[in-house]
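Worksheet: one structure, shown below.
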Amino acid sequence: MIPETPTHAAIKSLVQAQFAPAAQAYVTSATHAYGVDLARLVALAKPRGHEIVLDVATGGGHTALAFAPHVRLVVASDLTFSMLQAARQHIQAQGFQNVAYVRAEAEQLPCPPASLDIITCRVAAHHFADVCAFVQSAAAALRPGGQLLISDHIGLDDPEQDAFMDRFERWRDPSHVRAYTYAEWRDFCGAAGLQVEVCEDDPREAYEFDSWTARLRMSEAERHALSDWLLAAPAHLRERFGVVAQDGRVVAVQGTFGIVVARKG
Amino acid sequence: MKNLWRVLGIAAVVGVGIMIYRMIKQYREDSVFDLAPAAAAPGQKRSISPELLSILADPADKGPIELLTDGQGKEWLVNRRNGYRYPVEDGIPIMLLEEGEKNKDESLIQK
């Protein structure tokens with residue numbers, strides 16, 4: 001059964017409970033540390049060296065680290081304190097000193113109006129309690145001409161596929177609120193006065209089922225149940241989401257990801 | 001009778017002790033920002049750079065904040081319009097609205 005959508009406060013608590021004990025796992029996670037979208041985000045932003053960047057929900061700090069060599073200052077923000085400490089340790093170990101760390105909520109960014117050149121948010125917006133408030137807050141903090149770059153799970157236009165993906169993502173991670181479609185991102189950005197310039201798919205490798213479920217400490221019983229549920233799905237859905245089984249257990253499943261870039265006029 | 005005076009004496013000493021403790025506690029709370037320096041004390045490294053400070057705002061009203069150090073050497077980011085105080089922990093500003101509200105100090109408000 002799909003869990004009910006929790007309240008704003010409950011989502012914040014879930015996110016912190018989910019990520020605080022797993023902070024180091026997100027620093028070392030191959031999915032988060034080595035995605036090709038990191039270089040793509042930098043390429044799309046085209047920084048010239050003078051920019052101030054805010055990386056919202058920095059997690060293991062990978063996006064902040066990707067931008068640090070190309071801009072003047074990166075502010076890495078996250079709701080979870082231990083994630084920030086883990087990110088700082090990781091980034092400082094790479095020798096970058098132009099990264100600052102701030103604990104903040106995505107929906108209430110602590111930045112003055114028109115103060116930032118670039119705002120990034122990678123593999124995080126699907127956790128936000130109020131994604132519209134986040135986009136509004138980001139738009140207010142951007143200077144005219146500034147960019148908001150989102151890299152995240154992307155919802156699907158086909159309702160059956162979308163519901164299937166939502167089910168397995170939320171089963172594995174109860175703090176997964178929603179993967180939004182490109183059309184929804186266009187709506188959020190448009191309402192905040194941002195013009196969407198890029199919507200592009202980010203074809204990622206399939207999740208390696210064991211490490212994907214272990215990172216969020218799913219119990220063995222839940223992993224079995226999720227695996228059985230995926231294997232019992234109709235063939236067209238198993239094919240669409242790249243479900244691969246070995247010895248009666250799922251070993252891989254595929255999510256959908258994409259990049260959205262919007263600019264403030 | 002002698003025991004009664006002894007008990008009263010002890011009670012008086014305890015009472016005076018409590019009063020002194022409360023006075024000291026109140027004084028320390030009142031004077032928490034007496035020593036708030038505009039710049040770092042000699043040899044003391046501030047954890048928030050001027051550039052970072054310039055792009056931080058109170059999440060409540062998005063207005064500017066000041067970096068103050070209290071009498072115990074703890075740093076706070078303070079909004080003098082509403083008295084909200086955001087703590088700096090392990091060099092990381094905690095810019096959560098509920099933290100600002102929780103640590104609000106109306107004596108810091110400048111009209």
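The values are calculated or read from the model by the stated rules, or taken from the named source; none is laboratory data. Note that the structure is predicted; figures quoted are calculated from it, not measured. Quick reminder, even Gly has a Cβ in these numbers, built from the backbone with ideal geometry, and neighbours come from all protein chains shown. Please note that ligands, DNA and RNA were not included when accessible areas were found on the heavy atoms of the full protein model with its side chains. Shrake-Rupley method; radii C 1.70, N 1.55, O 1.52, S 1.80 Å.
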TODO: Look through the range B:80-110, keep the residues that are open to solvent by 20 Å² or more (accessible area, probe 1.4 Å), in a helix (DSSP H, G or I) and at pLDDT below 95, and return whichever of them is nearest to the other protein chains (Cβ to nearest Cβ).
DONE: B:106
Task: Breaking point among (1) surrounded by fewer than 24 Cβ atoms within 10 Å (Cβ to Cβ); (2) out of contact with any strand residue (DSSP E or B) (no Cβ under 6 Å at 6 or more places or on another chain); (3) of a type outside the set (D, E, K, R); (4) part of a helix (DSSP H, G or I), for residue A:83 - done: (1)
- [ ] Kindly indicate whether any position in the range A:141-153 is free of Cβ contacts under 8 Å to residues at least 60 places away in the same chain and surrounded by fewer than 22 Cβ atoms within 10 Å (Cβ to Cβ).
- [x] no
TODO: Would you be able to tell me the number of residues in the range A:174-221 that are in a helix (DSSP H, G or I), touching a residue at least 12 places away in the same chain (Cβ under 8 Å) and either surrounded by 14 or more Cβ atoms within 10 Å (Cβ to Cβ) or not small (Gly, Ala, Ser) (or both)?
DONE: 11
Task: Selection within the range A:63-79 - under 20 Å from residue A:106 (Cα atoms), open to solvent by less than 10 Å² (accessible area, probe 1.4 Å) and not in a strand (DSSP E or B) - done: A:63, A:64, A:67
TODO: Go through the range B:52-79 and give me each residue that's more than 9 Å from chain A (Cβ to nearest Cβ), out of contact with any Leu (no Cβ under 6 Å at 6 or more places or on another chain) and in a loop (DSSP other than H, G, I, E, B).
DONE: B:61, B:70, B:72, B:73, B:74, B:79
TODO: Please tell me if residue A:194 is modelled with pLDDT of 95 or more and under 28 Å from residue A:132 (Cβ atoms).
DONE: yes
- [ ] Go through the range A:107-138 residue by residue and tally those that are within 14 Å of chain B (Cβ to nearest Cβ), assigned to a loop (DSSP other than H, G, I, E, B), open to solvent by less than 10 Å² (accessible area, probe 1.4 Å) and of a type in the set (A, V, I, L, M).
- [x] 1
